[in-house]
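The values are calculated or read from the model by the stated rules, or taken from the named source; none is laboratory data. Remember, it's a predicted structure, so these values are computed and weren't measured experimentally. With ideal geometry, Cβ positions are generated from the backbone for all residues, glycine too; neighbour counts draw on all protein chains shown. To get the accessible areas, we keep the full protein, side chains included, count just its heavy atoms, and leave off ligands, DNA and RNA. Shrake-Rupley method; radii C 1.70, N 1.55, O 1.52, S 1.80 Å.
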Amino acid sequence: MYYYQVEHIFVYKMAASKIVASWCWSVKLKDKDQHLIDLKISCPIFFLFDVLFIVLVDKSDFSSTNMFINSHCGDLTFSLDNNFNPKNNFIVYVYGLKTIISSTNQYDRVVCYGNKEIEYSEEIQTYVPLKEIEEDMHLPLSSTATQGTLPLTVHRQPPSHYRLDVNIMFTDEKYFIVFVKVKNQLRCYSISGRCLNKLILFELPSASSVECKVMCTCRQQQIDGSIFVTTTVSHSHVISFKTFLSLVDTYRLYNLAIAFGTRKFIPNMRPIQFFYRNKSVEYFHIVMSYLNGEMLPYLKSNGGEQGSVVNGRLSGLFFSTYIDTTTNLPNPCSHYGPIRLYLKSLIMFNPQCNLYFADFYCHYKRHHVTIILVPKLSTHNNFCRQYLTELNIFHNPYLCLRVECNGAFTVMANMDVTVEVLYTETINVRKAIELQHGFIVESKTIGRGFAPPSGIPKNPSCKICNLE
């Protein structure tokens with residue numbers, strides 16, 4: 001049995017000849033042998049909050065006890081019967097929570113925090129100052145992988161829905177504490193139930209990196225409505241994801257691409273006869289032997305801009321347009337496989353198609369632009385029109401149709417960047433070869449020789465292709 005005593009005191013501190021008012025809390029823990037842990041917690045008074053959330057983590061096994069304490073309550077003494085052993089070294093996390101109540105939901109905004117590692121001695125008295133939220137602040141239990149791993153998944157649904165799913169059903173009711181961090185903002189809320197499968201309770205800003213963590217706890221006791229105590233059963237790793245780019249963000253990314261491309265007075269547009277793509281021997285064997293020659297679209301990976309709305313949502317087949325401006329031929333080597341398929345560009349791209357700008361990124365070297373190529377009668381047009389920037393097929397700086405004097409069309413592509421085309425429809429390779437619309441050749445491979453299924457993220461430190 002342990003005894004906690006909580007009291008708060010209003011004090012003043014002198015700092016640079018300025019008086020700074022602050023609250024001080026004393027959280028006292030005694031075990032049956034009367035060993036004392038006295039946590040002195042202070043916070044500037046302008047960080048107004050409603051609840052003091054404290055997490056005590058035993059470093060011997062990383063088990064943890066969680067306490068929600070009303071910040072306005074007076075002196076309190078209460079007993080706590082749990083597995084936390086104050087004779088082990090431990091970490092204390094402290095968060096000041098401001099309750100936000102909307103018309104539909106309630107959650108807490110973290111206005112200040114502090115943490116400290118504490119070595120055991122018979123009499124412990126330590127000072128934990130609370131400070132303003134920072135981008136590199138620690139989430140509770142963020143560095144531990146013990147207690148089992150809570151299988152947390154984040155499902156993203158455009159334009160701005162993000163659902164947390166713990167892929168397990170408990171036999172009895174649990175208390176889930178959810179932390180969501182965006183830049184220097186941290187919010188948390190709690191949900192009770194046997195499982196967790198719900199949308200995040202508040203709107204997340206677009207084009208932003210997010211960290212999320214869930215602690216699954218057992219409710220232990222509630223004392224006088226002022227103190228709520230739980231014991232952590234398991235917790236997730238910190239899950240990182242990026243929120244979708246809005247239509248405005250995609251247009252801003254398009255403007256970054258335009259600014260990069262207009263460094264030269266005249267864009268380096270070249271006529272191209274073929275789109276081409278490289279894949280493995282096994283890939284083309286499956287297409288020709290088991291799929292009747294049909295090359296089927298598949299979901300775009302998370303390569304490039306992590307917040308792109310097409311990632312995991314739009315299916316297609318990637319083709320390249322880049323040719324060496326000195327030889328007018330593609331690079332003889334490929335990163336994606338030793339078999340190269342060439343298809344006449346006008347068979348795929350013609351006035352019966354729409355174009356959409358989807359991405360601008362780099363992998364530390366050359367910059368890439370992703371263009372979505374969609375036949376006008378395709379079912380994918382509505383999705384692209386809703387979330388992407390549409391391009392004029394006859395006049396844009398990346399991929400367009402040039403009308404010749406005789407009324408024929410020529411496909412033009414920009415060589416200052418690598419223009420990648422994501423074509424959304426099925427292509428019958430066998431039929432294209434029979435009609436002499438394309439052909440297959442072998443090419444050398446470089447690097448790993450294939451694209452990883454998850455894709456390669458863009459260079460996050462590039463000052464040219466990242467939104468601020």
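For this structure, a couple of remarks:
- When every residue of the stretch 330-338 is checked against the conditions, at least one turns out to be among the small types (Gly, Ala, Ser) and on the phi > 0 side of the Ramachandran plot.
- Within the stretch 107-124, residues that are within 16 Å of Phe47 (Cβ to Cβ) sit with their Cβ atoms under 9 Å from residues that are polar (S, T, N, Q) and in a strand (DSSP E or B), at 6+ positions apart or across chains, in these pairs: Asp108/Thr99; Asp108/Ser190; Arg109/Thr99; Arg109/Gln185; Val110/Gln185; Gly114/Ser42.
- Inspection of the stretch 95-105 identifies at least one residue that is modelled with pLDDT of 85 or more, among the hydrophobic types (A, V, I, L, M, F, W, C), within 22 Å of Ser190 (Cα to Cα) and open to solvent by less than 60 Å² (accessible area, probe 1.4 Å).
- Qualifying residue in the stretch 58-68 (condition: basic (Lys, Arg), open to solvent by 20 Å² or more (accessible area, probe 1.4 Å) and at pLDDT below 80): no
- Members of the stretch 399-413 found to be part of a strand (DSSP E or B) and either hydroxyl-bearing (Ser, Thr, Tyr) or open to solvent by less than 50 Å² (accessible area, probe 1.4 Å) (or both), listed by number: Leu399, Cys400, Leu401, Thr410, Val411, Met412, Ala413
- Hits in the stretch 264-294 (condition: free of Cβ contacts under 8 Å to residues at least 24 places away in the same chain and not hydroxyl-bearing (Ser, Thr, Tyr)): Phe265, Ile266, Glu282, His285, Ile286, Leu291
- Every pair of residues 6+ apart whose Cβ atoms lie under 9 Å, when the first sits in the stretch 414-434 and is open to solvent by 20 Å² or more (accessible area, probe 1.4 Å) while the second is of a type outside the set (Lys, Arg) and in a helix (DSSP H, G or I): Asp416/Phe260; Asp416/Gly261; Tyr423/Met348; Glu425/Met348; Arg430/Val287; Arg430/Met288
- Strands (runs of 3 or more DSSP E) contained in the stretch 180-293 and holding at least 2 residues closer than 30 Å to Lys344 by Cβ and of a type outside the set (S, T, N, Q): 269-271, 274-279
- Only one of the numbered conditions (1) open to solvent by less than 40 Å² (accessible area, probe 1.4 Å); (2) modelled with pLDDT under 80; (3) in contact with a Phe, Trp or Tyr (Cβ under 6 Å, 6 or more places away or on another chain) is not met by Ser79, and that is (1).
- Listed conditions (1) within 30 Å of Ile200 (Cα to Cα); (2) among the small types (Gly, Ala, Ser); (3) surrounded by fewer than 17 Cβ atoms within 10 Å (Cβ to Cβ) are all met by Ser280, apart from (1).
- Sole residue being surrounded by 13 or more Cβ atoms within 10 Å (Cβ to Cβ) and touching a helix residue (DSSP H, G or I) at 6+ places or on another chain (Cβ under 9 Å), chosen from Asn459, Asn466: Asn466
- Residue ID - farthest from Ile200 (Cα to Cα), chosen from residues in the stretch 106-122 that are open to solvent by 50 Å² or more (accessible area, probe 1.4 Å) and in a strand (DSSP E or B): Glu117
A quick yes/no check of all residues on (1) at pLDDT 95 or above; (2) crowded, with 22+ Cβ neighbours inside 10 Å; (3) in a loop (DSSP other than H, G, I, E, B); (4) in contact with a Lys or Arg (Cβ under 7 Å, 6 or more places away or on another chain):
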| position | (1), (2), (3), (4) |
| --- | --- |
| Gly316 | yes, no, no, yes |
| Phe319 | yes, yes, no, yes |
| Thr327 | no, no, yes, no |
| Asn331 | no, no, yes, no |
| Tyr336 | no, no, yes, yes |
| Tyr342 | yes, no, no, no |
| Pro351 | yes, no, yes, no |
| Asn354 | yes, no, no, yes |
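- Restricting the stretch 156-199 to residues that are β-branched (Val, Ile, Thr) and open to solvent by less than 80 Å² (accessible area, probe 1.4 Å), the residue that is farthest from Met215 (Cα to Cα): Val182
- Among the candidates Phe394, Phe450, Phe439, the residue that is assigned to a loop (DSSP other than H, G, I, E, B) and at pLDDT 95 or above is uniquely Phe394.
- Qualifying residue in the stretch 239-247 (condition: farther than 30 Å from Cys216 by Cα, in contact with a Pro (Cβ under 9 Å, 6 or more places away or on another chain), surrounded by fewer than 15 Cβ atoms within 10 Å (Cβ to Cβ) and not aliphatic (A, V, I, L, M)): no
Residues checked against (1) under 21 Å from Ser190 (Cα atoms); (2) assigned to a strand (DSSP E or B); (3) at pLDDT 65 or above:
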site	(1), (2), (3)
Ile9	no, yes, no
Lys32	no, no, no
Ile37	no, yes, yes
Gly74	no, no, no
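- Residue in the stretch 266-275 that is modelled with pLDDT under 95 and touching a helix residue (DSSP H, G or I) at 6+ places or on another chain (Cβ under 8 Å) present: yes
- Residues of the stretch 356-372 that are free of Cβ contacts under 8 Å to residues at least 60 places away in the same chain and either assigned to a loop (DSSP other than H, G, I, E, B) or open to solvent by 10 Å² or more (accessible area, probe 1.4 Å) (or both): Lys365, Arg366.
- Taking the criterion of being farther than 10 Å from Phe357 by Cα and either hydrophobic (A, V, I, L, M, F, W, C) or open to solvent by less than 10 Å² (accessible area, probe 1.4 Å) (or both), the residues of the stretch 382-398 that qualify are Phe383, Ile393, Phe394.
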